[in-house]
Protein chains: 2
Amino acid sequence: MQKRQLGPCVTFFPQPTTLVSTVGNDGRKNVMTASWAGIVSKTPPTMAISLNKGRKSYQHIHETGDFVVNMVPASLVVEADYCGLRSGSDDDKFEQAGLVAADAQIVKSPLVDQCPLNVECRFVQEVEIGDYRLILGEIVEVNASEEAFASEGGMDARTFDPLTYLGGIREYWSLGDHVADAYKDGSKLFKKQDG
Amino acid sequence: MQKRQLGPCVTFFPQPTTLVSTVGNDGRKNVMTASWAGIVSKTPPTMAISLNKGRKSYQHIHETGDFVVNMVPASLVVEADYCGLRSGSDDDKFEQAGLVAADAQIVKSPLVDQCPLNVECRFVQEVEIGDYRLILGEIVEVNASEEAFASEGGMDARTFDPLTYLGGIREYWSLGDHVADAYKDGSKLFKKQDG
């Protein structure tokens with residue numbers, strides 16, 4: 001395939017669109033848009049987010065020792081982009097974006113109520129990378145929309161309507177079609193070899 | 001929103017679907033499916049992947065000091081799932097999945113030619129998390145399909161056809177619709193406040 005070289009840059013996708021929610025020792029809540037977020041271990045369940053060390057969220061995580069990663073549905077795309085444009089040092093982004101803070105099960109940081117998947121994390125360690133800090137958090141609880149369980153056969157992905165971010169292209173996209181099942185459809189290539 | 005608690009687990013999405021390609025000192029190439037992959041810094045451009053320390057890819061990364069993260073298009077979903085089901089210790093997964101190894105620009109590890117976005121990384125450091133190792137790599141080159149530049153106005157996301165993985169639901173999904181532009185559409189909420 002013919003390729004063009006873009007040089008060293010951060011063009012990579014698809015990425016999740018998340019809102020990271022935190023609270024300070026002063027009780028002020030904050031919410032920050034983050035696409036640099038993902039699972040990094042199953043033993044123990046661990047999530048990593050990366051953020052600039054100057055962010056209000058970074059300060060909050062160190063004050064309380066926890067944070068919540070909220071999956072953004074496509075219906076909240078304007079609110080999510082807004083929370084990436086504004087600083088938590090200046091604004092109450094929960095209020096200004098019309099987001100509702102709900103109590104978490106275990107951590108002090110709030111959940112974003114309108115987000116159908118909320119991962120509660122307890123700060124474990126951080127890694128310094130230039131101006132950024134990679135924050136590792138042990139997952140202590142996962143909250144999923146009850147609506148996803150309405151039909152049989154596990155969680156219905158469509159009800160979450162997850163928003164994908166294309167880093168480098170700077171576009172938000174919705175989900176399309178369910179094209180295959182993991183740990184399953186790849187076995188079609190086993191049969192080809194056996195046959 | 002009514003929520004159900006899933007307990008501490010790794011249910012989180014959307015995630016990218018990637019193939020991590022490497023080569024050993026013996027010249028044997030390997031390719032591994034990874035959804036725990038993402039950008040973690042812009043200064044310097046850095047990518048992180050997480051993998052079990054028993055993987056052949058982990059050994060290769062330590063032998064050569066580099067790896068490539070390849071974005072999987074939806075058309076390669078069966079091949080990608082296959083590479084997650086098989087071990088590189090047993091099989092030549094490039095050959096068995098019909099994947100083509102192409103020379104990278106800078107690193108020793110090969111690109112997966114059929115993948116339209118290939119991120120070349122040089123190993124920088126690792127973080128131990130239980131049985132997993134979070135591998136940080138400085139991005140030294142990004143290769144993107146020439147086809148994405150056919151029309152004006154930057155890269156055409158549709159041509160990449162990126163495959164999304166829903167961790168916890170274990171489903172692969174294609175992209176749907178372009179719903180908003182980042183660092184832009186959130187400003188609609190600025191105007192509401194000013195008006």
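The values are calculated or read from the model by the stated rules, or taken from the named source; none is laboratory data. Every value quoted in this text rests on a predicted model; they were computed, and no experiment measured them. Here the Cβ is made from the backbone with ideal geometry for all residues, glycine too, and neighbour counts use every protein chain on show.
Results for (1) in contact with a helix residue (DSSP H, G or I) (Cβ under 8 Å, 6 or more places away or on another chain); (2) crowded, with 22+ Cβ neighbours inside 10 Å; (3) in a helix (DSSP H, G or I), shown as yes or no for each residue.
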residue: A:Glu63; (1), (2), (3): no, no, yes
residue: A:Phe67; (1), (2), (3): yes, yes, no
residue: A:Ser75; (1), (2), (3): no, no, yes
residue: A:Glu79; (1), (2), (3): yes, yes, yes
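Those residues that are surrounded by fewer than 20 Cβ atoms within 10 Å (Cβ to Cβ) and among the β-branched types (Val, Ile, Thr), I need them from the stretch B:128-168; list them, please.
B:Val140, B:Thr159
Can you name the number of the only condition in (1) in contact with a Phe, Trp or Tyr (Cβ under 6 Å, 6 or more places away or on another chain); (2) over 19 Å from A:Ser50 (Cβ atoms) that A:Cys121 fails?
Checking A:Cys121 against (1) in contact with a Phe, Trp or Tyr (Cβ under 6 Å, 6 or more places away or on another chain); (2) over 19 Å from A:Ser50 (Cβ atoms), the one that fails is (2).
Can B:Gly137 be described as of a type outside the set (Lys, Arg), more than 7 Å from every other protein chain (Cβ to nearest Cβ) and touching a strand residue (DSSP E or B) at 6+ places or on another chain (Cβ under 6 Å)? It would help to see each step written out before you state the result.
On the way: of a type outside the set (Lys, Arg): yes; more than 7 Å from every other protein chain (Cβ to nearest Cβ): yes; touching a strand residue (DSSP E or B) at 6+ places or on another chain (Cβ under 6 Å): yes.
Yes, satisfied.
In the stretch B:92-143, which residues are touching a residue at least 40 places away in the same chain (Cβ under 8 Å), outside any strand (DSSP E or B) and closer than 30 Å to A:Glu138 by Cβ?
B:Asp131
(1) of a type in the set (A, V, I, L, M); (2) touching a helix residue (DSSP H, G or I) at 6+ places or on another chain (Cβ under 9 Å); (3) at pLDDT 95 or above; (4) under 24 Å from A:Leu76 (Cα atoms): which one isn't true of A:Ala104, the others all being true?
Unmet for A:Ala104, out of (1) of a type in the set (A, V, I, L, M); (2) touching a helix residue (DSSP H, G or I) at 6+ places or on another chain (Cβ under 9 Å); (3) at pLDDT 95 or above; (4) under 24 Å from A:Leu76 (Cα atoms): (2).
Among the residues of the stretch B:171-189, is there at least one that is facing chain A (nearest Cβ under 7 Å), modelled with pLDDT of 95 or more and out of contact with any helix residue (DSSP H, G or I) (no Cβ under 9 Å at 6 or more places or on another chain)?
no
For the structure I just gave you, tell me whether A:Phe123 is over 13 Å from the mean Cα position of the chain (by Cα) and more than 8 Å from chain B (Cβ to nearest Cβ).
Yes.
Answer with yes or no whether B:Gly24 is surrounded by fewer than 24 Cβ atoms within 10 Å (Cβ to Cβ), within 22 Å of B:Val142 (Cα to Cα), at pLDDT 95 or above and in contact with a helix residue (DSSP H, G or I) (Cβ under 6 Å, 6 or more places away or on another chain).
Against the criterion (surrounded by fewer than 24 Cβ atoms within 10 Å (Cβ to Cβ), within 22 Å of B:Val142 (Cα to Cα), at pLDDT 95 or above and in contact with a helix residue (DSSP H, G or I) (Cβ under 6 Å, 6 or more places away or on another chain)), B:Gly24 qualifies.
Given (1) more than 7 Å from chain A (Cβ to nearest Cβ); (2) surrounded by fewer than 24 Cβ atoms within 10 Å (Cβ to Cβ); (3) assigned to a strand (DSSP E or B), identify the lone condition not met by B:Arg4.
(1)
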